[in-house]
C-alpha cells in the first residue's frame, strides 16, 4: 500500500469527507474535512493533500496531509456533509446541528449557523435531554437530519427554524439518512428497516417500509446508486451488505457477507458506480468491484499479494440490467479487495471522489490514497 | 528500595486526616474532620502516594476549588499523567499497532529469522519514539507559552533518553550481538546519541577552509573517538596538503588509521585472526610513538596515543565525549575491540565523582546485563508505563524473562502491561487501545477488562455499540447484559419505549422486556391506542423472549385481526390469551371488555363452548377479588361486569338457538 499516506492526528476520527469539486472540474480533490469523537475537546479540521511542492523526484510521493485549520466542536461528531464548497453541516452527539464555514482566503473555520437541540428527548426546553443526531444529508439548501430520538428534521440553510419536523417518525433509533429524490428521503433504523419518506406529504408516516426478515439486524448506513435511483445499498450490524431494489418487493435483492462487525459506512463511487466501498468496526475497508468482466479475465486473479475473492450471489430477475442487480451468471461475480491489511481498530468513515480515497480510524489516524484505480 | 512518595498539592495530611476512595485508575482524596482531634496521622498515611505502587503516582491533580483552611476539597489523583499529553497519543497509537503485530507474529520462525524479526520490531518501536520526539520538538519550537515550552522540552529529553536506553537494550538483549559486531553496534549507538558535538562538526566542515578553523583538531579527535576513521582521514588529508613540510608524518598517521583492523560483520574472519591482526597493528603504532615520529605535532601524537588505547590520552578528550558511555565505548574500541558481551561488566568504568543520574544507573545496569534492574530503574525514573511495558513485552518474546516470577500477580510482563493498559483505560479516548493489551495478558487480562469496560461512560448509542462489540467478541455475557440494561434504562427514562425494548431484546433480558411490555400495555389502557406500532408489528421470533412480550405481540395481532374484520379468528385468539394464561390477570378485564363488541355483532361469533369459557373467565376474575377490593371498585367496574354478563347471556341464547337450528336441519 505504498500509495497510501497516513497521518496520526491524536484524536479518534469519526468522519472524513472530501470537499466537493466545482462542476466540470478535472483535477482531483485537494481538501478534506475530518471530525473527531470521544475527546474532551472534539474538533472539525480541514486538511490539504494537494501540495505538489512536496512531490518527490519520481512524482509518486505526495507528502502527508497538512492541517489547514480546525475549530472546536461541542460533542462527538456523529455525521458530517459538505453543503457546498465552503459550508459543512455537522451533526453532534449533543443533538445540535451546526453549519461551519471554511474561509479559504485566510484558512479559518467559523460556526455559521446552529440549530441547538435539533434532536432531543422528552422536552426541548430543559437544559439537558439532547439526543444524539446520528445522520445528516444535504441537498443545498436543504438539510435533513435524523437522530436517536427517532425524529426527522428538515432545515433550510439560512432559515432559523426547522421547515418540517416529524416527531416520533421511528420508534427505534434512526442511524442514517440519504436523499432518494429531491423530495424523498431514505432512512435506516436499529430494527433492520429501510423507510422511504415523501416530504411533500403532510402525513407523518413513511410512504414505504422495507425490512430485513428474521433477525431484525440493525442497519447503520445507506447509500443510493448515483445513476440508477432504485438501487440502494445498506450496511448492517453484522457487517452484511444488502442491495435493495426499491421498485419491487419489501426485502433486499441480495445479501452479501462482508465484514465481521458493524458496517459503519457504504458509498457508491459517485462517478463510477460499479465500484462500492464499505468500512467497518472490524478495521477493514472493502472495495467491491462489479466492473470486472470475468469472461475476459482468468479467475482467481491475485494482485500484488492482495487477497481477491469472487462472490457469487443470487438475484431475482431484473428487467434493467445493472451490475448490482444482474442475473447473468457469467457476469454475476464481483471482485472484492480488502484495502487495509493488518488493521485492528475500527475504520469509522471513508469518502471517495475521483481517484481519491480518504478514511479515518479509531487508531487516531487518517489515510489518503490518491491513486485508487492505479 | 525507597518508594517515591509525592504529596498532593493543597492536601495537608499533617493538619487533617485524609481519606481515600479507589477508582480503577484514579484515587479520590479528601480531607476529613478527624484530623483536628487526632493530632498526627498514622504513619501509613503520610502521603497519599504511599499506598500506590512504585512509580505509579505521578501526581496529576485535578483539584476542585482553592485549598483554603476551611474548604473541604476533593482531589482527583491520577496515576498516569503522561496519558494526557496530546503528542504522546501518537506514540501510544502507533506502538499499539506494532505491539499487536508482535503478538500475532508466528513464533515458528526459528533461530536467525526470528531474531531478525524481533530486531525489526524493536527498530519499529524506536522509529515511533523518534517520530514522536520530532513532533514534540516541533511543538516546543512553535509554542509561545513558556510553561508549555518547558513541558515539551522535558518530554523531548525524556523521549531521547528512552530511545537511548531502548537502543542499548536492543543491541545487548534483543540482537545479543556477538564479539566483534558488538563493538560496531555500540559505536553506531554512540554516534546516534551523542549529538552535542554535531554542531561543531557541521560548523568546521562548512567553513571555507576547515584546516584553518580553530576547532579543526577537535573535530578530527571527535571522528577518531567515535571510530569514524574515513572521515578523520579525509580531514587530515586537507591539513596535509597545507603543510608540505610534514607530509611524511601525515602519511604515516593516515596509513596507521587506514590499516586499523575492524571487526567484520560477516563471518569472513575468526576472532583469533582479528586479534592477531590487532596485535600486529598495535605494535606498529607503539613503534611510531616510541621513535618520536609525531613528537613535533602534539595533536598527532595524542591521536596516536588514542589509537593505542591510552586511557589518559582518551580522558583528556573528555569534553568531546560528553558522556561516560562514549568514553567506555571508545576505550573498548582501542584497547579491546573483540570484547564479548559478558566481558562488558568486567570492564566497567571508573566510579563517578558525583552521584549517578537515573539514566546512568539504568545504562550501567544494562551494561551489566541486569535486565530486571533496567526495568525496575526505568519504572521508577520514567513518568509513564509505556516504555517498560513495551520493552518488557519485547524481551519476553525474546525468551529472556521466563524464569522470573513476581511474588504478586502473574509475571513481570503481564504486570507491566496491566498497569499500562489500566492507564489507557483511565483516559476518555485511549481506552480502546487498552482492550488489546488486556487481551494479551493471559492470567488477569480478562478480569481487568471486565472491571474497566463497565466503567466506560456511554454517552451515545454508537459508543455503546462499540463497547458492546468488544464484550460480545470476548463472550463477556455479564457485561453485555449490563450495557444493554444501562442503555435500555436510559431509553426508558427518555420515554423511548421502542429503543428500550430493542436493547433488552439484544441482551435477552426477559425481566426487562416484561417491564417494558407492561409500560406499552399501560400506555394502551390509558390512551386506547398503541404507540410504536412499527416495532411491535415486527417483533418476529424475539417475541418469545418474555411471556409479557408474547402477550403484547399477540394482543396487537388481535387488534389487527379485528381491524381487518376477521372476527372469528380474533375471537379465538382473544379467548386463547386468557385460557392459555398468556395474558396477565390484571389485563383480563380489558380483554373481556374487548370481547364486548364481538358479542354484540349481528352474526354470532363465539360458539357456545367459547361463551362458557368466557363466562368462566369472568367469574374467575370476579371471584378472585376479595370483598375489600370489590368494595373499592368503582361503579364503572361493577357496571362493566353487569354488561358483560348480560352480553354473554344474550350471546349464549343466540348461539344455542343457532347451533340447535344447525343441528336440527
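The values are calculated or read from the model by the stated rules, or taken from the named source; none is laboratory data. Because the structure is predicted, anything quoted here is derived from the model rather than measured. Here the Cβ is made from the backbone with ideal geometry for all residues, glycine too, and neighbour counts use every protein chain on show.
Being out of contact with any helix residue (DSSP H, G or I) (no Cβ under 9 Å at 6 or more places or on another chain), assigned to a strand (DSSP E or B), crowded, with 21+ Cβ neighbours inside 10 Å and in contact (Cβ under 8 Å) with a residue 60 or more places away in the chain: is that true of residue A:210 here?
Spelling it out, it is not the case that residue A:210 is out of contact with any helix residue (DSSP H, G or I) (no Cβ under 9 Å at 6 or more places or on another chain), assigned to a strand (DSSP E or B), crowded, with 21+ Cβ neighbours inside 10 Å and in contact (Cβ under 8 Å) with a residue 60 or more places away in the chain.
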If you scan region B:436-457, which residues turn out to be within 12 Å of another protein chain (Cβ to nearest Cβ) and surrounded by 22 or more Cβ atoms within 10 Å (Cβ to Cβ)?
-> B:437
Quick one: which of B:607, B:586 is out of contact with any helix residue (DSSP H, G or I) (no Cβ under 7 Å at 6 or more places or on another chain) and in the same structural domain as residue B:652 (by the TED database)?
-> B:586
In region B:291-321, the residues that are farther than 21 Å from residue B:251 by Cα and in contact (Cβ under 8 Å) with a residue 40 or more places away in the chain | B:314, B:317, B:320, B:321
Report yes if some residue within region B:556-567 is within 14 Å of chain A (Cβ to nearest Cβ), buried (at least 16 other Cβ atoms within 10 Å of the Cβ) and assigned to a loop (DSSP other than H, G, I, E, B); otherwise report no.
-> no
Output for region A:95-125, where each listed residue is outside any strand (DSSP E or B), within 24 Å of the chain's Cα centre (by Cα) and within 14 Å of chain B (Cβ to nearest Cβ) = A:95, A:96, A:117, A:119
Members of region A:29-43 found to be assigned to a strand (DSSP E or B), within 15 Å of residue A:10 (Cβ to Cβ) and more than 9 Å from chain B (Cβ to nearest Cβ), listed by number | A:34, A:35, A:42, A:43
In region B:525-551, anything at negative phi, in a helix (DSSP H, G or I) and within 13 Å of chain A (Cβ to nearest Cβ) is listed as B:533, B:534, B:535, B:536, B:541, B:542, B:543, B:545
Is it the case that residue B:192 is touching a residue at least 40 places away in the same chain (Cβ under 8 Å), away from chain A (no Cβ under 14 Å) and within 26 Å of residue B:222 (Cβ to Cβ)?
-> no
Kindly establish whether residue A:204 is surrounded by fewer than 19 Cβ atoms within 10 Å (Cβ to Cβ), in contact with a strand residue (DSSP E or B) (Cβ under 6 Å, 6 or more places away or on another chain) and in a loop (DSSP other than H, G, I, E, B).
-> yes
Does residue B:506 qualify as being modelled with pLDDT under 90, buried (at least 17 other Cβ atoms within 10 Å of the Cβ) and within 14 Å of chain A (Cβ to nearest Cβ)?
-> yes
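Going by what's in this entry, would residue B:314 be described as buried (at least 16 other Cβ atoms within 10 Å of the Cβ), modelled with pLDDT under 90 and in a helix (DSSP H, G or I)? Write out each step before concluding.
Numbers: buried (at least 16 other Cβ atoms within 10 Å of the Cβ): yes; modelled with pLDDT under 90: yes; in a helix (DSSP H, G or I): yes.
Considered against the rule, which asks whether it is buried (at least 16 other Cβ atoms within 10 Å of the Cβ), modelled with pLDDT under 90 and in a helix (DSSP H, G or I), residue B:314 comes out as yes.
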Looking at region A:169-176, is at least one residue out of contact with any strand residue (DSSP E or B) (no Cβ under 8 Å at 6 or more places or on another chain), within 9 Å of another protein chain (Cβ to nearest Cβ), modelled with pLDDT under 95 and farther than 17 Å from residue A:81 by Cβ?
-> yes
Taking residue B:335 as meeting all but one of (1) in the same structural domain as residue B:199 (by the TED database); (2) modelled with pLDDT of 85 or more, write down the number of the exception.
-> (2)
Selection status of residue A:143, crowded, with 22+ Cβ neighbours inside 10 Å, more than 30 Å from residue B:506 (Cβ to Cβ), away from every other protein chain (no Cβ under 14 Å) and in contact (Cβ under 8 Å) with a residue 40 or more places away in the chain = yes
Considering only region A:215-236, how many residues are in a loop (DSSP other than H, G, I, E, B) and either crowded, with 22+ Cβ neighbours inside 10 Å or away from chain B (no Cβ under 14 Å) (or both)?
-> 8
Any residue in region A:241-262 that is surrounded by 22 or more Cβ atoms within 10 Å (Cβ to Cβ) and in contact with a helix residue (DSSP H, G or I) (Cβ under 9 Å, 6 or more places away or on another chain)?
-> yes
Those residues of region B:458-495 which are under 22 Å from residue A:92 (Cβ atoms), more than 10 Å from every other protein chain (Cβ to nearest Cβ) and within 21 Å of the chain's Cα centre (by Cα), in sequence order | B:458, B:464, B:467
